[in-house]
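Below you'll find the structure, written out as structure tokens, and then a few comments.
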Amino acid sequence: MINAKTKLYGLIGKPVEHSLSPAIHNALFKKYNINAVYLAFEVNDLDSAVKGVRALGISGLNVTMPHKEQILEFLDGLSEEAKAIGSVNTIVNREGKLIGYNTDGIGALKALKRFTEVENKNILVLGAGGAGKAIAYTLSRLAKVVVLNRTERKAKELEKFGVKGEKLSKESLEHYLSWADIVINATSLGMNEDKSPIPKKLLRENLVVFDIVYFPLETKLLREAREVGCLTIDGLWMLIYQGAESFKLWTGVKPDVEFMRKVALEALKSERQSI
Ligand code: ATR
């Protein structure tokens, strides 16, 4: 029941209308009897939006494209990860102080750990955008990581985390795929399209293939990896685990990820029907 004590959480970004986060977090608030609601806000003017958050005492936010980096200058404090990565996807309002976190890296790590060992493995990350950066940073602390990116400069910039960064090419892809135990697609390739960043002939059975794209749920990469016999992990797990980390930061409750997955799948199905 919404009343005078209801806390407000939300998502800021542009666009936000297809986000699954409101469905997931509102279902969690209900499940755990937390008097709170979560709404999606399409934000153009970030400065004014953050002033609004402060003025209204909004309890917490997720931040998505295109604001994940620009938001840093408006916050009062940052977690170690958010500072290192230079990107924030979660804000907690602690008695008026807005503290920024990044749960993308830990979300990817937990999704991976659900299915496979990560420690000391050889991990190939494709993409050095917001998500690729966070994933490379977090995984670099416990595994060997190589990042390949279409724009070489962005891959090289990640070498400050102790990973190897190179340009994504046919040759580099073939070379590092034969080295890797786990490959992660952190590019947007395959989103809403039947394209894969990896030619099927380069996939082999003992490779773990994780795609952070979740629309479609089974991307071309995951379909071909499944056909080859790889262990596959879809992007909805990444969304769920990063969301679970945000929820924990806001409420202190460690949410049931199976329940979150069920809610997210339902929301994804109705989303598919509406667009
Ligand atoms: P996100 O926050 O989801 O990571 P992003 O920061 O815009 O989004 O990053 C998108 C990533 O997908 C980048 O690594 C991008 O490569 P560039 O840095 O060269 O732009 C990558 N990407 C997008 N389209 C791609 C394509 N067609 N081929 C290869 N990489 C692509």
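Only one entry in THR90, THR116, THR138 is within 29 Å of ARG261 (Cα to Cα) and either more than 16 Å from the chain's Cα centre (by Cα) or surrounded by fewer than 19 Cβ atoms within 10 Å (Cβ to Cβ) (or both), namely THR116. With respect to (1) surrounded by fewer than 20 Cβ atoms within 10 Å (Cβ to Cβ); (2) touching a His at 6+ places or on another chain (Cβ under 7 Å), the lone exception for GLU69 is condition (2). Scanning the range 102-127 for residues that are among the hydroxyl-bearing types (Ser, Thr, Tyr) and within 16 Å of the ligand (Cβ to nearest atom) turns up just one, THR103.
FYI, it's all coordinate maths here, none of it is from the lab. Worth saying up front: this structure is predicted, and the values here are computed from it rather than measured. With ideal geometry, Cβ positions are generated from the backbone for all residues, glycine too; neighbour counts draw on all protein chains shown.
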